[in-house]
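One structure is given here, and the rest of the page talks about it.
What follows draws every value from the coordinates through simple rules; no lab data is involved. Everything numeric here is computed off the predicted structure, so don't read it as measured data.
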Amino acid sequence: MLPAMTASSPSPAAPLIIPCVDIQSGRAVRLYEGDPDRETVYFESPLEAARHWVGLGAGLVHLVDLDAATGRGENRAVIAQIVAELGVPVEVGGGIRDRTGAEALLKSGVDRVVIGTAAVKNPELVAELIAAHGPERVVVSLDARGLEVATHGWAQGSGLQVAELTPRLAEAGLETLIFTDVTRDGTLKGLDRELMREVRRLWTNTLIVGGGVANTDDVRLLAQEGIQGAIVGRAIYEGTLAYPVSL
């Protein structure tokens, strides 16, 4: 069972901080502004990275297959090992382009799949997966520069605005949306309050932020804006945000 949005939070109003393990070439890395050629390697083994965060109390781990997202390969065997051995719920994104790929991950024990580019290119896929598996097992990730959605591992602009997609996703039955500010991901620049406020206005169901969380000030900002959680990588790997979070 997936944890509640406040399961590992220090108080009922605090957002859930979800550790992220980005996998590229079989290692746990973080990218700067989503650029696969600007990586920092934090763990040689993604499994060890995931175990590290679980050991500190994580009740949910977010995995991203960066190679699958960018078309450079895939890390499905590594992901399968993590799912089999970790002992807590795992959500997986990156390169999930169709129903077959999504359902293969769900059948392998992944608790929920994170659909990115495919949700933009093929919105019907989201509705199909939700109808078949329930809204608790399907998440959509909208990655954007400002409010323009980016696709294919953030390499391409879609020409679509977040405001155009959120009504379609709500109609498809989506409960949880991840919004990532590509320009701040992996930079430790902190969140853009006005952007967060606008996305919160556009999406009234469960909203998780990815990209830009740098410290406790950003976590407080999320709480103030009524955002339920954040996927965090570099800040907790480098210690600018202590994990578990205590406000």
**Prompt:** Over segment 169-237, what per residue volume does the convex hull of the Cα atoms give, in whole Å³?
**Reply:** 77
**Message:** Show log10 I(q)/I(0) for segment 28-78 at q = 0.30 Å⁻¹, two decimals, from a solvent-free Debye sum over equal Cα scatterers.
**Reply:** -1.24
**Request:** In a Gaussian network model over the chain where Cα atoms closer than 10 Å are linked, find which of Ile17, Ile130, Ile208 has the largest mean-square fluctuation.
**Result:** Ile130
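Report, please, the projected area of the chain averaged over directions, based on the convex hull of its C-alpha atoms, in nm².
11.1
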**Asked** Based on the Kirkwood radius over alpha-carbon pairs, what value in µm²/s does the Stokes-Einstein equation return for the translational diffusion coefficient of segment 106-247 at 4 °C and 1.567 mPa s?
**Response** 84
**Request:** Could you let me know the centre-to-centre spacing of segment 206-231 and segment 109-129, using Cα atoms, in angstrom?
**Result:** 23
